[in-house]
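Written below as C-alpha cells is the structure these notes are about.
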C-alpha cells in the first residue's frame, strides 16, 4: 500500500506559553514544515496574505484576548488561511463560535504529535486547494474583462443555447456577425468548445459576471 506524501507548509503558531511554542516549533520543523511562532497575536495580525500552503495554529487562551477574537480580527483583515485551534480549557460556546467563524479543527491539549501532524496535513491540503481555486478564479475574471459589452450578451445567450439566428434577431443584426462575435468570445475566454464554455461558467451567477440581461428585440 502506497503511503501519502506529506505536504510541507508554513505553520504560524500563536501561543503565549513559551515552552509550548518551543515544543511545537521543534516538532513541526522536524516534520519538514516552515514554522513561525508568536507569543502574541499582534505580529501575525500585522502580516498580509500568507504564502501557501499555510495554517494558523492558534491557542484559545491568550493573555489579552481569546482565540476567537483573534480569529475574527484575522477575518476582518481578509486573512483566509485556515485556522486550527488548540486549547486545554475552552468553554463549549467558544468551540462552537470558532467553528462558526470557519475553524477547520480544534485540538484539545494534551494532544499527540501524530494527531497534530495529521490535522495540519489536512489543513494544508485544504489551503492548497483554496489557493489554486483563487488563482483559477482570478484568471477567469481577467479573461472576462476582455469581452466587450456586446460579447458579454452574446456569451449569455450562447450559454442559454440560443442559435446564431436567434441571437441575431435579438440584437437586430445578422447571423454572420453573430458568428464572428461567438468566435471572439471563445478566443478571448480561451475555450475551444461549447462544453468548455459551459464548464467555465458552471454554477456561476451570470448577472454578476456578464451584467444584467439586456432587453431583446422581437423578431419582425
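The values are calculated or read from the model by the stated rules, or taken from the named source; none is laboratory data. Please read these numbers as outputs of a predicted model, since none were measured by experiment. No Cβ is skipped: glycine too gets one built from the backbone with ideal geometry, and neighbour counts run over all protein chains shown.
A compact table of results
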{"quantity": "Pick from the stretch 86-116, criterion touching a helix residue (DSSP H, G or I) at 6+ places or on another chain (Cβ under 8 Å) and part of a helix (DSSP H, G or I), ranking: farthest from residue 20 (Cα to Cα)", "calculated": "97"}
{"quantity": "Qualifying positions in the stretch 18-42 - assigned to a loop (DSSP other than H, G, I, E, B) and surrounded by fewer than 15 Cβ atoms within 10 Å (Cβ to Cβ)", "calculated": "32"}
{"quantity": "Positions within the stretch 54-70 being buried (at least 18 other Cβ atoms within 10 Å of the Cβ) and either assigned to a strand (DSSP E or B) or modelled with pLDDT of 95 or more (or both), in sequence order", "calculated": "54, 55, 56, 57, 58, 59, 66"}
{"quantity": "Filter result (loosely packed, with under 15 Cβ neighbours inside 10 Å and either in contact with a helix residue (DSSP H, G or I) (Cβ under 6 Å, 6 or more places away or on another chain) or closer than 30 Å to residue 88 by Cβ (or both)) within the stretch 131-171", "calculated": "146, 165"}
{"quantity": "So residue 45, is it surrounded by 14 or more Cβ atoms within 10 Å (Cβ to Cβ) and within 25 Å of residue 135 (Cα to Cα)", "calculated": "yes"}
